[in-house]
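The values are calculated or read from the model by the stated rules, or taken from the named source; none is laboratory data. Note that the structure is a prediction, hence the values are computed from the model and not measured. Cβ coordinates were reconstructed from backbone atoms using ideal geometry, including for glycine residues, and neighbour counts include every protein chain displayed. Keep in mind that these areas ignore ligands, DNA and RNA; they rest on the heavy atoms of the full protein, side chains included. Shrake-Rupley method; radii C 1.70, N 1.55, O 1.52, S 1.80 Å.
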Amino acid sequence: MTFSLPVPAEANDLLNRDPLAVTLGIVLDQQITLEKAFTSPWVLAQRLGHEPTATEIADFDSERLIAIFAEPPALHRFPKAMAVRSQEVCRIIADRYDGDPANLWRDAKTGAELYRRILALPGFGKQKAQIFVALLGKLYDVRPEGWREAAGGYGEEGSYRSVADIVDADSLARVRAYKKQAKAEAKAAKEA
């Protein structure tokens, strides 16, 4: 499988070859469209003039990084907070995983271990960590024993719940329908 999101082809190409782009896409994938979240790593690379490394972002001047995130059009609805969060995630990758985002998942022996590693990243709660595990399993073939269980419902074969399931226009529509239904159910439960 490869990324086939409704984003510029160059953004999909970057996601397909750069583990940092995928990681940053997941970091940014909240309170904005998935198209914006997964295009922003490519836009960041354009603004920098090259594809950054995790170590480069970790060591980047924080105020300058915030300014790059905030430059119109901003890389996120909350550019300052997400620049800070992206840098925090990159610092963990630099410190714990030798600066290589793929080391986050490369030698995870089990899905539970992979899930725990992802959950330990700043800004990752249960749902975001499960989605990342599912994305790695379904699109990157990162499948340690028990990865589907660690991903929860997002890991189910044939599910259409998250970015991990988007491979074409039909799957995108199914994911959007699932999210709309889940929001409606959550709202109804809250009002009950």
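Results, tabulated for the structure shown:
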quantity	calculated
Every residue from segment 1-54 that is open to solvent by 10 Å² or more (accessible area, probe 1.4 Å), assigned to a helix (DSSP H, G or I), over 23 Å from ALA173 (Cβ atoms) and β-branched (Val, Ile, Thr)	VAL43
Top-ranked residue of segment 118-133 - restricted to ones that are over 13 Å from THR23 (Cα atoms) and in a helix (DSSP H, G or I), ranked as most open to solvent (accessible area, probe 1.4 Å)	LYS126
Single unsatisfied condition, ALA189 versus (1) within 16 Å of the chain's Cα centre (by Cα); (2) hydrophobic (A, V, I, L, M, F, W, C); (3) in a helix (DSSP H, G or I); (4) modelled with pLDDT under 95	(1)
Cross-chain or 6+ apart pairs with Cβ under 7 Å, segment 69-91 first and under 19 Å from ASP59 (Cα atoms) and open to solvent by less than 60 Å² (accessible area, probe 1.4 Å), then assigned to a helix (DSSP H, G or I) and aromatic (Phe, Trp, Tyr)	PRO79/PHE69; MET82/PHE69; ALA83/PHE69
Members of segment 14-53 found to be charged (D, E, K, R) and at pLDDT 95 or above, listed by number	ASP18, ASP29, LYS36, ARG47, GLU51
Residue match in segment 155-163 (condition: part of a helix (DSSP H, G or I) and surrounded by fewer than 16 Cβ atoms within 10 Å (Cβ to Cβ))	no
